[in-house]
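The values are calculated or read from the model by the stated rules, or taken from the named source; none is laboratory data. Small disclaimer: the values here were computed from a predicted structure and weren't measured. Every residue, glycine as well, gets a Cβ built from its backbone with ideal geometry; the counts of neighbours run over all protein chains shown. Ligands, DNA and RNA are stripped out before the accessible areas are found, and what is left, the full protein with its side chains, is counted by its heavy atoms. Shrake-Rupley method; radii C 1.70, N 1.55, O 1.52, S 1.80 Å.
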Amino acid sequence: MSLEPGQSLADAVSAATDILRDAGVPSPRVDAELLADHLLNVGLGRLRAMMLGDAPAPEGYEALVAERASRIPLQHITGVAHFRYLELAVGPGVFVPRPETESVAQLVIDHVRGMARPRIVDLGTGSGAIAGSIAHEVPGAEVHAVEFSPFAHAWAAKNLAPLGVRLVLGDLRDALPELNGTFDVVVSNPPYIPAEAVPNEPEVALHDPPEALYGGGADGMELPTAAAASAARLLRPGGYFVMEHAEVQAGWISDHLAGTGNWTGIRTHLDLNGKERATSALLADPDHSE
């Protein structure tokens, strides 16, 4: 089946699903429906009900399907990424947030539950997904976010301004020196891909900004190491640090944190797919030995 003028919505979505599947898109049916809903703006429940009748396909649908078949990210076409309870504006120049990162935000939200006014900073915020989710879900939290890329910073500013997050254009390696030793939580999803590990997915390799992917050095660990050093600088004693990383980096990061002597209670956390996706630790109090 192919996309043709005058098709019904049901036939058009079926044809689009086939086109996207042939193009190697990982979730062809869902993407076909989301592209149709982007034009119709009725919600997926209503869209699927309309497909049971003889509703026509929306004008412009074929062009959007062709874009997605060329492996342009769905979120760049629609301009929206969904993350936890937020709808984030995204596009060229900013890393599209991934579902697995939602569990990293959850670790922070669980940790600060019950605190009166926790002070939290997200290092390398990108679109603002983690910082925004924390601000949205933890009333009374004072949330800061740091982003180095001017392009990503512009997207983050749009997403975070309504949520009251204090956004800074800066380098996670030396940002916010005036707030050293004052944070309850530092969270980071830094770039961590090794230099030679080119991603397989065209959406990532061709459209996510390289500065949001590659962590520096052959092993990709320069920026994760820097994020940990900044966390040790920014946190109060006993403060909580959590960082996302690749599954294969979990052991290295735990060993690195232990080797610095700055951290206690080092733990590796699984994402929703059961992969070792994050590591957390508490900043040791230099005045009290264990």
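What percent antiparallel are the DSSP beta bridges of the chain, to the nearest 5? All intermediate terms of the calculation are to be shown ahead of the outcome.
Details: 16 of 35 bridges.
In the chain, approximately 45 percent of DSSP beta bridges are antiparallel ones.
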- Length added when fully stretched, residue 100-residue 252, from 0.36 nm per residue minus Cα-Cα: 52.7 nm
- For residue 41 and residue 157, compute 0.36 nm times the residue count separating them, minus their Cα-Cα distance, and round to one decimal in nm. 39.3 nm
- Hey, if we sort 285, 255, 122 by accessible area with the 1.4 Å probe, largest down, what's the order? 255, 285, 122
- trypsin sites (Lys or Arg not before Pro) lying in DSSP loop within the stretch 233-284, provided at most 16 other Cβ fall within 10 Å: 275
- Surface share of carbon and sulfur [accessible, 1.4 angstrom probe, percent] for the chain: 54
- Would you mind getting me the FRET efficiency between residue 82 and residue 285? Use the beta-carbon distance for r and R0 = 45 Å, nearest 0.05. 0.70
- Check: C-alpha center the stretch 164-180 vs C-alpha center the stretch 14-50, spacing in Å is 40
- residue 116 versus residue 275: modelled label distance in nm, points set 7 Å from Cα along the beta carbon direction: 4.2
- Message: Under a crude label model (7 Å from the Cα following the beta-carbon direction), how far is residue 169 from residue 236 in nanometres?
- Response: 3.2
- Task: Rank these residues by their accessible area, most exposed first, probe 1.4 Å: 236, 98.
- Result: 236, 98
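Rounded if a/c is under 1.5, else prolate if a/b is larger than b/c, else oblate: which is the chain, with a ≥ b ≥ c the root eigenvalues of its Cα gyration tensor?
prolate
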- Please calculate how many Å² of accessible area the chain carries per residue, with a 1.4 Å probe and no DNA, RNA or ligand atoms counted. 46
